[in-house]
Amino acid sequence: MLISSVYRPEFIKVGLEAENKDEAFEELVDYFCQITDNNAREEILDSVRDREDKMSTGIKKGIGIPHGRTNAVDDVYGVLGISKKGVDYDALDGAPVYIIFLMLAPVKDEAEKHLGLLKRLAELLEEPEFFTGLLAQNDAQSAYGVIRRHEDIFIALN
């Protein structure tokens, strides 16, 4: 599964305002619900928080990958949030998070897609230029361009 097919420009929020992890979850879920006209805000938030309670998804320097599985969505969705000031995320390394890849998946039948997306994202995040490129962007379309370029390079090399 392509990252660029899930984290499309309309699902990218540059200028995340949240100061902490819970505010970031709320801001990104609100953004998702607004874009998709989904009225299941609390159910979606609960799925993300339940997963996060098991272990922080702030797994790599400056990056968080919160995710949740819920019946409130019918496909795999991603919302990318970019914060210039950083978010207090309770990350494993204790450092703030600047880029948050929120991922939502249905409870049924999408485990393979969800895991494939996590794997592809982890591979792209091994490239430091991917992180710095995203962080330098000031709008959703430019951030999407960074995703496409890095994904195209990764595909060509593998």
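Each value in this text was obtained by applying a stated rule to the coordinates, not by laboratory testing. Fair warning: this is a prediction, and the values are worked out from it, not measured in the lab. All Cβ positions, even for glycine, are placed from backbone atoms using ideal geometry, and neighbour counts span all protein chains on display.
So the values come out like this:
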quantity	calculated
Region 1-33 residues near the modelled Ser56 label - backbone nitrogen below 16 Å, point 7 Å along Cα→Cβ	19-25
Mean Cα-pair separation over length for region 3-157, i.e. relative contact order, pairs under 8 Å, 6 or more apart, %	27 percent
Over region 68-158, relative contact order from alpha-carbon pairs under 8 Å, at least 6 apart, %	26 percent
Fully extended contour minus Cα-Cα distance, from Leu118 to Arg49, at 0.36 nm per residue	23.1 nm
Beta bridges per DSSP with both ends in region 1-103, % antiparallel, nearest 5	50 percent
Taking Glu23, Glu112 and counting other C-beta atoms within 10 Å, the order from fewest to most	Glu112, Glu23
Theoretical FRET efficiency, 1/(1+(r/R0)^6), r = Cβ-Cβ of Thr36 and Lys84, R0 22 Å, to 0.05	0.30
In sequence order, calculated HN-Hα J values of region 57-74 (Karplus, 6.51, -1.76, 1.60; Hz; x Gly/Pro)	9, x, 9, 9, 3, x, 10, x, 10, x, 8, x, 10, 8, 6, 7, 10, 10
Computed [θ] at 222 nm, deg cm²/dmol, the chain (DSSP H ≥ 4; -39,500 (n - 2.57); rounded to nearest 500)	-14500 deg cm²/dmol
Net charge dipole size for region 3-157 [Lys, Arg +1 and Asp, Glu -1 on Cβ; Debye, nearest 20]	460 debye
Percent antiparallel among DSSP beta bridges (both partners in region 58-111, rounded to 5)	60 percent
